[in-house]
Amino acid sequence: MNDRPTPPDAFQLTPIGIIESDFPDKFGIPRQPGLATAARASLVLVPPFDDPLAVRGLTAFSHLWLTFVFHQSPERWAPLVRPPRLGGNAKVGVFASRSTHRPNRLGLSLVELVEIDASHGVRLRLRGADLVDGTPVLDIKPYLPWAESRPEARAGFAPEAPPTLAVSLSSEAEAVLARRPDGDSLRELILQVLAQDPRPAYRHGAETRIYGVRLRDVDVRFRALQEQTGPTTLRVVEVLSSEGRT
Ligand code: SAM
């Protein structure tokens, strides 16, 4: 008698909403939520889920679990993955990771709920999300610290937040930000995102390379400064308008 569980047939899931975020591209997004609290996002509910009744009482919770689809990841998956946290070479099982390349491509993020705007449809304004613009969201659940916060838990190869780098901005970059109404929050976002060192793990050490990360409507160009003795720092050399890329 084969006592292996028979997997249920594939079943259809319908997104309840779509993310609008400060991250037009996957590149540069912090590895987990809460690492760039200046990152703004909105979850815009879609019909028929955009009923204000469906979120009645939700603002009584400060944090939400979002279940979503890594829609920009390929559908193929492999049992072993290479977590960037381990330098990009060591392999672990996909279920021992938070990899974006996984069966069913399901993601789970704990985000801060700032407010709900139900004046036209339902828009949840969020803080600290690690989701690319356009991410489909499948479910929202309120976070229950007494049930889900486990500071004593063992956390494998990711026991604490990733290390951060010092980040500086050129006077040209500062001048561009000074002219923007959102300059202060954009500067904060740039500093927080670059502090996470978004450079690809295998590229570290290429100190001459100029990297680019798109945030909101700008292209942030930066390079690594390798001090003789001491940590790498990142230097923002330019902040360009993404449209014109002038
Ligand atoms: N907190 C979630 C989790 O644990 O399931 C996501 C963790 S995953 C390592 C975070 C990365 O997912 C981000 O750095 C970004 O590059 C990527 N990402 C965000 N939104 C995505 C999407 N819609 N499709 C594919 N990758 C995405």
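Rule-based calculations on the coordinates, nothing more; no lab input. Nothing here was measured: the structure is a model prediction, and the numbers come from that model. Counting neighbours? That spans all protein chains shown, and the Cβs are built from the backbone with ideal geometry, glycine included.
Some observations on this one:
- With 0.36 nm allotted per residue and the present C-alpha distance subtracted, the Asp9-Val46 stretch has 10.7 nm of extension available.
- Using Cβ point charges alone (K and R +1, D and E -1), the dipole size of segment 117-211 about the Cα centre works out to roughly 120 debye.
- With neighbour counts taken as other beta-carbon atoms within 10 Å, the residues Ile16, Ile190, Ile210 rank, fewest first, as Ile210, Ile16, Ile190.
- With Cα atoms, 0 to 90° folded angle of helix 183-195 axis to the chain main axis: 80 degrees
- Dipole axis of segment 1-111 (+1 Lys, Arg; -1 Asp, Glu on Cβ), positive-most option in Gly28, Pro84, Phe68: Pro84
- Tyr211, Tyr143 arranged by Cβ crowding within 10 Å, fewest neighbours leading: Tyr143, Tyr211
- Debye, to nearest 20: dipole size of segment 1-119, +1 on Lys, Arg Cβ, -1 on Asp, Glu Cβ: 800 debye
- Cα centre as origin, Lys/Arg/Asp/Glu Cβ charges: the chain dipole, Debye: 780 debye
- GNM flexibility winner over the chain from Pro198, Pro145, Pro74 (Cα, springs under 10 Å): Pro145
- Placing unit charges on each Cβ (+1 for Lys and Arg, -1 for Asp and Glu) gives segment 87-246 a dipole about its Cα centre, and among Ser97, Ser168, Gly134 the Cα reaching farthest toward its positive end belongs to Ser97.
- Within segment 33-51, backbone nitrogen closer than 20 Å to the virtual label 7 Å beyond the Cα of Thr67 toward Cβ: 33, 43-51
- By the count of other C-beta atoms within 10 Å, a proxy for reagent exposure, Val46, Val193 are ordered fewest to most as Val46, Val193.
- Taking the chain as a Gaussian network of alpha-carbon nodes connected by springs under 10 Å, the highest mean-square fluctuation of the residues Glu75, Glu148, Glu174 belongs to Glu148.
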